[in-house]
Amino acid sequence: MLPRGRKIYKKRNDKEHPNDSNYSYNNHRFANTLISIFGSYKRAIIATCTIFICILLFRSHVIGREIISGSSMEDTLFDGDICWSQKIFWEKNLQRYDIVIAKLRHKMVVKRIIGMPGDHIEIRNNEVYINGKKINKKYRKETEFAGKGRSIILKKDEYFLIGDNRRISYDSRNYGSVKKEEIKGILRFRIYPFNRIGPINK
């Protein structure tokens, strides 16, 4: 049973908003602009969809946004830093001391490339040696601990990754070398926090 009272019917053409006519006019003008640019409504729809798909592909396959978690890359990258990464690259784009994102055992990690394909990596006396020469870079923290003694010759598609904060970093000293296919991107630019925005130095 319906409650008694006056029934109020709304006409089909009644405006729901006092500015509905403005909304309709703006939408109509936008459609006309697209048609004037692309020649027809159908072409405008196709072009718009194509641009949208290209943006999605660029975002998913060319660049990526990476959020740093943990302190294994201090004092270069800190927990909560947000960076842009380059996802499409070839072997020649990977250089020693690049900071990369790699997928290891279903987990994404951010480390620095220390060893390149063909390198002889040695760890002794808490220091890292590449082809017999000790590396001594400013990016590492002063409280360095390189791990137990180790010697490895990298194959043509293998890389040796180490975190800048070597005392706590879990990296190639623990899980061994990383294959080229496991490296998913190169970190290029920090976008947050704003007081440290800029290119990521090697």
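Details
- Count Lys and Arg as plus one, Asp and Glu as minus one, and take only other residues whose Cβ is under 11 Å from that of LYS103; the net charge is then +2.
- On the beta carbon distance between ILE197 and TYR170, with R0 = 22 Å, the FRET formula returns roughly 0.20.
- Solvent exposure ordering (accessible area, 1.4 Å, most first) of THR50, THR76: THR50, THR76
- Contour excess over end-to-end distance, with Cα ends at SER40 and ASP79 and 0.36 nm allotted per residue: 9.0 nm
- FRET E, pair LYS180, ASN125, Förster distance 35 Å, beta-carbon r, rounded to 0.05: 0.70
- Modelled spin labels at ARG188 and GLN95, positioned 7 Å past Cα toward Cβ, are 1.3 nm from each other.
The values are calculated or read from the model by the stated rules, or taken from the named source; none is laboratory data. Predicted, not measured: the structure shown is a model, and the values here were computed from it. Backbone-built Cβ (ideal geometry, glycine too); neighbour counts: all protein chains shown. When the accessible area is computed, the model is the full protein with side chains, heavy atoms only, and any ligands, DNA or RNA have been set aside. Shrake-Rupley method; radii C 1.70, N 1.55, O 1.52, S 1.80 Å.
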